[in-house]
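The values are calculated or read from the model by the stated rules, or taken from the named source; none is laboratory data. Everything quoted here is computed from the prediction, not taken from an experiment. All Cβ positions, even for glycine, are placed from backbone atoms using ideal geometry, and neighbour counts span all protein chains on display. What goes into the accessible areas is simple: the full protein's heavy atoms, side chains included, and nothing from ligands, DNA or RNA. Shrake-Rupley method; radii C 1.70, N 1.55, O 1.52, S 1.80 Å.
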Number of protein chains: 2
Amino acid sequence: MNKIAIAVHGGAGPDSEHIKSNIEGYKKGLEEAISKGYKILEKGGSAVEAVEAAVKSLEDNPLFNAGKGSALNSKAEVEMCSSIMSGKDLNSGAVATVKNVKNPVSLAKAVMEETKHIFLGGRGAMSFAEEINIPMEPDSYFITEYQYETYEKARKEAHGKQQPKARAEVNEKMHGTVGAVALDRNGNLAAATSTGGTEYCKEGRVADSAMTGIGSYANNQTCAVSSTGEGEVIIQRVTAFQVSAIMEYMNLSLQDASSYFMEEKCKDAKGDIGFIAVDTEGNVSIEFNSERMHRGYKTSDKEMWVGIYPPEAEAE
Amino acid sequence: MNKIAIAVHGGAGPDSEHIKSNIEGYKKGLEEAISKGYKILEKGGSAVEAVEAAVKSLEDNPLFNAGKGSALNSKAEVEMCSSIMSGKDLNSGAVATVKNVKNPVSLAKAVMEETKHIFLGGRGAMSFAEEINIPMEPDSYFITEYQYETYEKARKEAHGKQQPKARAEVNEKMHGTVGAVALDRNGNLAAATSTGGTEYCKEGRVADSAMTGIGSYANNQTCAVSSTGEGEVIIQRVTAFQVSAIMEYMNLSLQDASSYFMEEKCKDAKGDIGFIAVDTEGNVSIEFNSERMHRGYKTSDKEMWVGIYPPEAEAE
């Protein structure tokens, strides 16, 4: 029987008191997401279905910054972005700045499967969501106490400084993303990524998570990758695809390509960056330069493992 | 004195009666865009300024599908997308589905230079446009007789078939983009791309032109690239960045990397794809698989040249 594998992440970034006091909850959330995706793979389901299920599970979990629990923008609104890609045919789907959609990853999948388009944003994406009757929730569903408090702190800070630039200064400090990559029994790869954006960002900010090739990339010839961290750093490096390009054009293994990317292409990175990746042999690769990255995996060869801090701090 | 170079394109796609009857107008438009960009480079201006000026010139020209003359979506609205990238620092800016902004490329440049963000979409992008007082125009400014007729034809076709899928069938048949790449006296590269989208597309369709790494990519270590053609084909191949990745990881010249990309990575492409590229030595590379690609260049070494049909049909 062919190997199967799934890896998930819940964002790379700085450590915080909020994380420290919710470690068990975060680990449980990662485990649930892995289990949901892995079960689909075990039953012969597709990698696309598995990454969707894993990301949905993280979107539904209020601890993670995607779906329920998304960050609030500077207008105190939740705008979400997601992308998904199938390694078999290189088809992809993405949505940007959608509101009220319970699972943005499922809307991205519907764009991939049910339209001639790849990427829909804003009101147009929401019209499509209504057209296909995808589950919607009121604003209050998405806003958690923690994200509201974070917003209020940022708003007061921005207001207190009474400078237009203050807003910018509080931007992008926190970031969160969720994502999954999978290999199914048929040897097909898939990747999906979803985010609630960055706290107190401008209305209409499109996240790197919504960009195929940058947030998510999957290609059966190489690997599937989902990235996380600071948008600027991730976009500058065309992160998800770059891992695949290094594998292909330098003829390296997934692990060597991942290390090369992190050590050579990210050595001067002025910000957090991380990614999870899987190849068609079921090898999983995880790299990050940040204080923590919520992450985990389960494969035909390896028991489930989840961790938050760097390898030296976790029993991997 | 260091070399300078600029190349522009006005879209790759199928030939049409409209193109055939406007050949001189299209060539004049390409020449004007090249001249505007080249003058900036001659005076020591930056590659970023040169590509902005060239793209603005094409956006202002009603013959090209960007800015004035943009395609109408299925709601008869003009929604425009643009991206710009600086090869010196890998900074980039992008806007998606903006309305009424006279020059989307200038808004993308403002996102790059004046915000902490990289990519803004829809209403948020338009709030930012108002904030910085960028020139706006009423809807009527953007809609040309030709694009309105094209819309009407598509609408009747979609309506006549009385099938939801009919809309999809008329989508993506026509496409148009404009773009520019440049090398300045300081050895810096830049790329910019702008589009009015595809005729009769869904509201909220985000074009590949808005995606850094796919529509536009620039890196002083390799090259600057602007792509055009069918969104799906371009996104699947992470087109702009892929040319750079092939140069870097296969250690090929710009010309060899461009040929390799077109011959190897696009040999099975089920759609139109094309790109213009320039490296830090002022070499220009142009490739496309479509019936025509509006394109041209001028460099320190070569006189201005513009063409529309494949090399064998044009005196290059």
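Here are a few things to note about the model shown:
- C-alpha long axis of helix B:23-42 to longest principal axis of chain B, angle in °: 40 degrees
- Area of B:Ser140 that stays accessible when all protein chains are in place (1.4 Å probe, Å², to 10): 90 Å²
- The phi-based Karplus calculation (6.51 cos²θ - 1.76 cosθ + 1.60; θ = phi - 60°) puts the 3J(HN,Hα) values of the range A:123-129 at 4, x, 5, 6, 4, 5, 4 Hz, whole numbers, x for Gly and Pro.
- Annotation: amide H of A:Ala190 within the under-5 Å range of A:Gly87, A:Ala182, sequence separation 5 or more or interchain, hydrogens built in the peptide plane.
- Residue order for B:Tyr38, B:Tyr309 - accessible surface, 1.4 angstrom probe, largest first: B:Tyr309, B:Tyr38
- Efficiency of FRET between B:Tyr146 and B:Arg123 - r from beta-carbon atoms, R0 25 angstrom, step 0.05: 0.30
- Each residue of the range A:39-78 gets 58 Å³ once the volume of the Cα convex hull is shared out per residue.
- Comparing Cα centroids, the range A:79-111 and the range A:1-70 end up 16 angstrom apart.
- Averaged over its residues, chain B has an accessible area of 37 Å² per residue, based on protein heavy atoms and a 1.4 Å probe.
- By accessible area, using a 1.4 Å probe on protein heavy atoms only, the protein assembly as shown has 44% of its surface on carbon and sulfur.
- Computed from backbone phi, the HN-Hα couplings of the range B:285-293 come to 10, 9, 9, 7, 10, 9, 4, 7, 9 Hz, rounded to whole numbers (Karplus: 6.51 cos²θ - 1.76 cosθ + 1.60, θ = phi - 60°; Gly and Pro given as x).
- Over the protein assembly as shown, all Cα pairs binned in 20 Å intervals from 0 give whole-percent P(r) values of 22, 56, 21, 1, listed from short to long.
- Most mobile of A:Thr239, A:Thr193, A:Thr222 in a GNM of chain A (Cα contacts under 10 Å): A:Thr222
- Virtual spin-label span in nm between A:Glu114 and A:Tyr309, 7 Å along Cα→Cβ: 4.5 nm
- Of the whole protein surface, B:Val206 contributes about 10 Å² of accessible area at a 1.4 Å probe radius.
- Nonlocal amide H pairs with B:Thr177, under 5 Å, H built at 1.01 Å: B:Gly11, B:Ala12, B:Asn65
- For the range A:1-79, the Kirkwood estimate of hydrodynamic radius, built from reciprocal distances between every pair of different alpha carbons, is 13.8 Å.
- The B-A contact accounts for approximately 3900 Å² of buried accessible area, totalled over both chains at a 1.4 Å probe radius.
- Förster radius 56 Å - calculated FRET efficiency between A:Glu137 and B:Lys302 (Cβ-Cβ, nearest 0.05): 0.45
- List A:Arg185, A:Arg292, ordered by accessible area with a 1.4 Å probe, largest first: A:Arg185, A:Arg292
- Dmax and Rg, reported as Rg then Dmax, of chain A (C-alpha, Å): 17.9, 63
- Low-density loop cleavage sites - GluC sites (Glu not before Pro) in the range B:228-286, where at most 16 other Cβ are within 10 Å (DSSP): B:Glu281
- FRET efficiency for the B:Asn22 to A:Lys75 pair, using the beta carbon distance and R₀ = 41 Å, is estimated at 0.40.
- Distant-in-sequence amide contacts of A:Ala207, defined by a placed amide H-H separation under 5 Å and a gap of 5 or more residues or a different chain, comprise A:Thr97.
- Note on B:Asp268: accessible area approximately 110 square angstrom, rounded to 10, probe 1.4 Å, nucleic acids and ligands left out.
- Residue-wise HN-Hα coupling along the range B:146-157, computed from phi with Karplus coefficients 6.51, -1.76, 1.60 (Hz; x: Gly, Pro): 4, 5, 5, 4, 4, 4, 4, 4, 5, 4, 5, 4
- Here the sum of -39500 (n - 2.57) over DSSP H runs of 4 or more residues, divided by the residues of chain A, equals -10500 deg cm²/dmol at 222 nm, to the nearest 500.
- Our Cα-only numbers for the range A:1-148 put the radius of gyration and Dmax at 15.7, 52 Å.
- Convex hull volume per residue, computed on the Cα atoms of the range B:202-316, equals 112 Å³.
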